[in-house]
1. Need the C-alpha centroid separation for region 27-82 versus region 213-229, integer Å.
2. Grab the other residues whose beta carbon is less than 15 angstrom from that of Leu85, score K and R as +1, D and E as -1, and report the net.
3. Using 0.36 nm times the number of residues separating Leu237 and Leu71, minus their current alpha carbon distance, what extension gain do you get?
4. Please give the peptides 174-184, 201-211 ranked by average Cβ packing (other Cβ atoms within 10 Å per residue), highest first, as a rough proxy for protection.
5. Would you mind counting up the charge near Gly49? Only other residues with Cβ under 14 Å from its Cβ, with Lys and Arg at +1 and Asp and Glu at -1.
6. Using a Förster radius of 35 Å, what is the FRET efficiency between Gln203 and Ile9 based on their Cβ-Cβ separation? Nearest 0.05, please.
7. Counting other C-beta atoms within 10 Å, which of His171, His224 has the fewest, and how do the rest follow?
8. Extension gain Ala17-Thr117, at 0.36 nm per residue separation less the Cα-Cα distance, in nm?
Amino acid sequence: MAFQTKFAIGYNGSTVAWLGPDEVAWTCGNAVIIQSLSTRAQRVLKGTGFGISCFTVSKRHGLIAVAEKGLKPNVFIYSTKTLQLLMRLSPGELSKDEEQALPGGSTDKQQQPNVVTLGIIAMGFSGDGERLVVCGDEPDCSVIVYGWKKVEVLGRSRLPPSQPATQVSFHPLDPTILATTHGGTTSVWYLEAMWDRTLFRYQSLTAGALPPGHDITAHIWCPHGLYVGTSGGGLALLDVT
């Protein structure tokens, strides 16, 4: 006998995201709750694993990505309108193309690039809704960019220094640029298309760029660059061009 969850109560202090002018979403146990502010009616998107580590939304394109807890966790992408599953991504595994590109073939495990082993801690959609970035927890601290509709890995690297991200987001107008906040600093990443591959590189804020006691804790994009907030209450604007 199957039970259908109609209502859930609880909040663990994690992200609350807008899905539209009248709907918000948050995590409650092993589910994402989508609630109307005007009617208080809820829709419940139940998790598939041992829990939900994080989620992200693309409000403009009606998408929500949910990361499950567990070893080699999966990411599930749904339509926010129908809650229909659109795609499943596996950041803990290499794509077939990546396996074939390994120097020793798919059996050469020592040459495998960064994957997500223990958990996913941050995600973000690009402004056009076509790309999803996934950040892994320690010890991998991976950054993986997907063209999710084709399950295509566009970029794969590791956070510098190897500390997990607390925030990740795409430039709202350019899906080839994204930013991560991690380990008290911020890095800006660039996807550059080459004739035979895509180059995934980053630039990090140099040591001493901010006064002592001002570790970066958050970032947000603006038309002129990237604002970063610090633990000392400071605000700085970075030119990322």
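1. Measuring centre to centre over Cα atoms gives 27 Å.
2. Details: positive: Arg43, Lys46, Lys81, Arg88, Lys149; negative: Glu68.
Charge balance near Leu85 sits at +4.
3. Numbers: separation 166, 0.36 × 166 = 59.76 nm, distance 3.78 nm.
Length difference between fully extended and current span is 56.0 nm.
4. Values: 174-184: 20.6, 201-211: 12.7.
Ranked from most to least packed, the peptides come out as 174-184, 201-211.
5. The answer is +3.
6. Working: r = 44 Å, r/R0 = 1.27.
My answer for the efficiency is 0.20.
7. Values: His171 19, His224 11.
Arranged by neighbour count, lowest to highest, His171, His224 become His224, His171.
8. Net length gain for the segment: 33.4 nm.
Every read-out reported here was derived from the displayed coordinates using simple, explicitly stated rules and does not represent laboratory data. As the structure is a computational prediction, the values presented were derived from the model and not from experiment. As a convention, Cβ positions derive from the backbone with ideal geometry for all residues, glycine included, and neighbour counts pool all protein chains shown.
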